[in-house]
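Values quoted throughout were computed directly from the atomic coordinates according to the rules given, and no laboratory measurement underlies them. Source: prediction; values computed, not measured. Counting neighbours? That spans all protein chains shown, and the Cβs are built from the backbone with ideal geometry, glycine included.
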Amino acid sequence: MSTGTTKAPATEAVVSEAGPPPHRASMAVSKIAGSVLPPAFMLALFIGAWELVVLVQDISKILLPPPHQIAYLFLDNFSLLARFGRNTASEALQGVAFSCAFAIPIAGASVSVQWLARGLSTYSAVVKAIPVVVLFPVATVFFGVSSPAVIAIVTVTVFPIMFTYALRGFSSNSELDELMRSISAPRFRRFISLTLPQSSPYLMAGLKTAVPISLIVAIVSEYFGGSVTTLGSYIRREAAQLHTPNVWSAILMSTLLSIALYSLVSFLDRIVLYWHPSRHG
Amino acid sequence: MPLGETDESLGLAARSVAKRFYSKGGDVLALENVMLSARKGNFVSLIGPTGCGKSTMLRIFADLIPPTSGEVRINGKEVGLARKDRDFSVVFQSPNLLPWRNVLKNVCLPLEVMGEGRKERKARAKRILEVVGLSSFERHQPWQLSGGMQQKVALARALVMNPSVLLMDEPFGALDEITRDRMNLELMSIWQKFETTVLFITHSIPEAVFLSSHVVVMSARPGRTVAALSIDLPYPRTQETRSDPRFFEFVNTLRKHLAVASQQEGS
């Protein structure tokens, strides 16, 4: 996943959020079936092939456990995995929250100050180029081997994404600016009443990019020494002991978590952008 | 035209206004020696060929852009001060409603900026919406309204500040003929109720004649005020006004002025 591109949020919204028409329920059902069945079929095929290969080739489960065993372990260990997953997700989301809390005001301030915007854009590109792993020793110096260290790393990695999107959103001009000026709206009021809601498509697009990345970064950081009760450190421990099936069950949990978080953001997107022209063609 | 009167009796005054736009492709002189004034309570239309700088003149009055030279006043005040005192409000070519706000909240916007209390805001906005006949659409979102209704919301938003001067930049230009006629009638009754001074930009001659107490004609670029006409058709003007023979006389006179104005090339 690239962190460097900022897509036009409106078109993305059209593609992903265009729901079925409320009437003609039968058509909607067949449409959903049409979009769900092919991937479900492929998944079944894939799992079947996996199961078969492991069985026929007699592959050691340390190398590649069969899917049914992963599923069994996943369910058996569910409460533990869910607890670890919740901790990981919480670190990731806190990191996103902090990066928003920094990026949005800073972008808001730098819109009207050209040199600040240019300078910060350059440095946010530099930050994007830093591999996450190398940040860990630095973060642990400040925070110890703990959750705050992971949150700090997520904050730093996600900041450039949110900053870039926010700056883009805030820089777009419209006739509404003239309206706000004509009623003598002070700068702060203009930002709250116009700029912020107007740029919410950009901010939501930023979140849609940032949230999945934050989860990846959190898990990788945990892997290198985060809090013990997280998915990343669980994966490290189990991998070190060659408990490969446990590792796979943790992978399954992080995948489901990622899907859940993305769905959450999409849901939020739908609520926040109810007014967007792409929602009511 | 009541030129030479004291500032206090004038809602709008522009003296020798020029506007030059500087750009890489070369400077453009958009306005030159514009003289315009309107007594308080007058309805003045500014009419001229496309690109003559009518809108530029309105934006100078609205303190959205500064004139290169000349003097512009609203209610005798320098326009920057008039804007801060909220002496005027602007109705733009497009309705410019905030799409994330419903009709009522859109109308409330200027009152929020003025720091009006929540209850007072709502009450005033509701009163204005009643005047423009949109009471039953308070909770609608802008995209659920027709173009004409959206522009009425914009008008309500402009009126809610209770301005003494209304600057209208071709507000009905995007509407169909029938809707436009109806909007004109409604604007007439609103104008008489609120007794505001109006500067109305249009390129429709019948619209200008129907609405205005005075019409000012501008020449092609650089825009100059070349003629001023007092439309002494009696108010209140109604649908019948449009079939008055004097209405046609005014339309014809203006048409001739406009034809001459359009041919004048800038020096």
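Among A:PHE98, A:LEU81, A:PRO65, whose Cα projects farthest towards the positive end of the dipole of the stretch A:62-279, with charges put on the beta-carbon of Lys, Arg (+1) and Asp, Glu (-1)?
So the residue we want is A:PHE98.
With n ≥ 4 as the cut-off for DSSP H runs, can you work out [θ] at 222 nm for chain B, using -39500 (n - 2.57) per run divided by the number of residues, rounded to the nearest 500? Don't skip to the answer; put the middle values down first.
Numbers: 8 runs with 96 residues, N = 267.
One gets -11000 deg cm²/dmol as the mean residue ellipticity at 222 nm.
Using +1 at the C-beta of Lys and Arg and -1 at the C-beta of Asp and Glu, which of B:PHE137, B:SER230, B:VAL216 has the Cα lying farthest in the positive direction of the dipole of the stretch B:133-253?
Toward the positive end, the furthest listed residue is B:PHE137.
Taking the Cα centre of the stretch A:185-281 as origin, work out the dipole magnitude from +1 charges on Lys and Arg Cβ and -1 charges on Asp and Glu Cβ, in debye rounded to 20.
Using Cβ point charges on Lys, Arg, Asp and Glu, the stretch A:185-281 gives about 500 debye.
With contacts defined as alpha carbon pairs under 8 Å and 6 or more residues apart, what's the relative contact order of chain B in percent?
Relative contact order comes out at 26 percent.
Just want to confirm a number: the relative contact order over chain A, from Cα pairs under 8 angstrom separated by 6+ residues, in percent.
This gives 28 percent for chain A.
How do A:TRP248, A:TRP50, B:TRP100 rank when sorted from fewest to most other Cβ atoms within 10 Å of their own Cβ? Display every interim value, and only then the final one.
On the way: A:TRP248 22, A:TRP50 16, B:TRP100 19.
The order, fewest Cβ neighbours first, is A:TRP50, B:TRP100, A:TRP248.
Averaged across the residues of B:93-100, what count of C-beta atoms belonging to other chains lies within 10 Å of each residue's C-beta?
5
For the pair B:LYS193/A:SER146, report the inter-label distance in nm, with labels modelled 7 Å from Cα in the Cβ direction.
Label at B:LYS193, label at A:SER146, 6.5 nm between them.
Output the 0 to 90 degree angle, nearest 10, between the alpha-carbon long axis of helix B:147-159 and the longest principal axis computed from the alpha carbons of chain B.
With both axes taken from Cα atoms, the answer is about 90 degrees.
Assuming 0.692 mPa s and 37 °C, estimate D for chain B with Stokes-Einstein, Rh taken as the Kirkwood radius over Cα pairs, in µm²/s.
Approximately 173 µm²/s, per Stokes-Einstein.
How large is the dipole of chain A about the Cα centre if only Lys and Arg carry +1 and Asp and Glu carry -1, each at its Cβ, rounded to the nearest 20 debye?
Using Cβ point charges on Lys, Arg, Asp and Glu, chain A gives about 600 debye.
Among B:THR50, B:THR241, rank each residue by its count of other Cβ atoms within 10 Å, from fewest to most, as a rough exposure measure.
B:THR50, B:THR241
Classify the protein assembly as shown as rounded, prolate or oblate from the Cα gyration tensor: take a ≥ b ≥ c as the square roots of its eigenvalues, call it rounded if a/c is under 1.5, otherwise prolate when a/b beats b/c and oblate if not.
Here the protein assembly as shown falls in the prolate category.
Counting other beta carbons within 10 Å of each Cβ, put A:LYS61, B:LYS19 in order, fewest first.
So the residues, fewest neighbours to most, are A:LYS61, B:LYS19.
Helix B:177-194 versus the longest principal axis of chain B: what is the Cα-based angle in degrees, 0 to 90, to the nearest 10?
Roughly 80 degrees between the two axes.
FRET efficiency for A:VAL126 and B:ARG139, Cβ-Cβ distance as r, R0 = 51 Å, nearest 0.05?
Efficiency for this residue pair is about 0.55.
Modelled label-to-label distance, A:ARG187 and A:ALA109, 7 Å Cα→beta-carbon offset: nm?
For A:ARG187 paired with A:ALA109, the spin-label model returns 1.1 nm.
Could you calculate the FRET efficiency of A:ALA82 with A:VAL29 from 1/(1 + (r/R0)^6), where r is the beta carbon distance between them and R0 is 45 Å, rounded to 0.05? Walk me through the intermediate numbers first.
Values: r = 32 Å, r/R0 = 0.70.
The value I calculate is 0.90.
Just B:GLY41, B:GLY117, B:GLY148 to compare: in a GNM of chain B, with alpha carbon springs under 10 Å, which one fluctuates most?
B:GLY117
Could you pull out the pairs from B:LYS77/B:LYS256; B:LYS84/B:LYS152; B:LYS122/B:LYS193; A:LYS61/A:LYS128 whose alpha carbons sit more than 26 Å apart here? Mind dumping the intermediate values first?
On the way: B:LYS77/B:LYS256 35 Å; B:LYS84/B:LYS152 24 Å; B:LYS122/B:LYS193 21 Å; A:LYS61/A:LYS128 38 Å.
B:LYS77/B:LYS256; A:LYS61/A:LYS128, as the Cα separations exceed 26 Å there.
Please identify which residues in the stretch B:137-169 have an amide N closer than 19 Å to a label point set 7 Å out from the Cα of B:ARG118, following the Cα→Cβ vector.
B:139
Would you mind computing, in nm to one decimal, how far apart the modelled labels at A:THR255 and A:TYR72 are, each placed 7 Å from Cα along Cα→Cβ?
If labels sit at A:THR255 and A:TYR72, their model points lie 1.9 nm apart.
Using a simple charge model, +1 on the beta-carbon of Lys and Arg, -1 on the beta-carbon of Asp and Glu, nothing else, what dipole does chain B show about its Cα centre, in debye to the nearest 20?
In debye, rounded to 20, chain B gives about 780.
At a Cα cut-off below 19 Å, give the aspartates and glutamates reachable from A:LYS31, other chains included and same-chain residues fewer than 8 away excluded.
Within the straight-line cut-off, A:LYS31 pairs with A:GLU17.
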